[in-house]
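K.L.:
Before we start, here is the structure in question, set down as structure tokens.
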Amino acid sequence: MERLKELREEKGLSQTQIADAIGIRQQTISQYEKGITQPDIQTIKKLCDFFDVSADYLLGFKDF
């Protein structure tokens, strides 16, 4: 999920800060950013709410 890393870096946040905010482990955020694993629907929603973006944007289907 390239967009996840882009959004995180734009906001100046660490993986740990995002993980703590949405209730998952930092290692999980790292795995998402590296494309090792993919988030489930509930986590996608939490990430979208956190960054105030659509799922289409987060998943790379649309640009703003």
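K.L.:
Of the residues Ile24, Ile36, only one is part of a loop (DSSP other than H, G, I, E, B), free of Cβ contacts under 8 Å to residues at least 40 places away in the same chain and either among the acidic types (Asp, Glu) or exposed (fewer than 14 other Cβ atoms within 10 Å of the Cβ) (or both); which?
P.N.:
Ile36
K.L.:
Can you list residue pairs whose Cβ atoms sit under 8 Å apart, with the first residue in segment 50-64 being assigned to a helix (DSSP H, G or I) and the second being acidic (Asp, Glu)? Count only pairs 6 or more apart in sequence or on different chains.
P.N.:
Tyr57/Asp63
K.L.:
Within segment 39-51, how many residues turn out to be hydrophobic (A, V, I, L, M, F, W, C) and loosely packed, with under 10 Cβ neighbours inside 10 Å?
P.N.:
1
K.L.:
Among the residues of segment 3-21, count how many are hydrophobic (A, V, I, L, M, F, W, C), surrounded by 15 or more Cβ atoms within 10 Å (Cβ to Cβ) and in contact (Cβ under 8 Å) with a residue 24 or more places away in the chain.
P.N.:
Final tally of qualifying residues: 3.
K.L.:
From the list Ile36, Ile24, Ile41, exactly one residue is more than 8 Å from the chain's Cα centre (by Cα) and within 17 Å of Ser54 (Cα to Cα). Which is it?
P.N.:
Going through Ile36, Ile24, Ile41 in turn, the sole match is Ile41.
Throughout, read-outs are computed from the coordinates displayed, never taken from laboratory work. Keep in mind the model is a prediction, meaning the values are calculated, not measured. Positions of Cβ are generated from backbone atoms using ideal geometry, with glycine treated the same way; all protein chains shown enter the neighbour counts.
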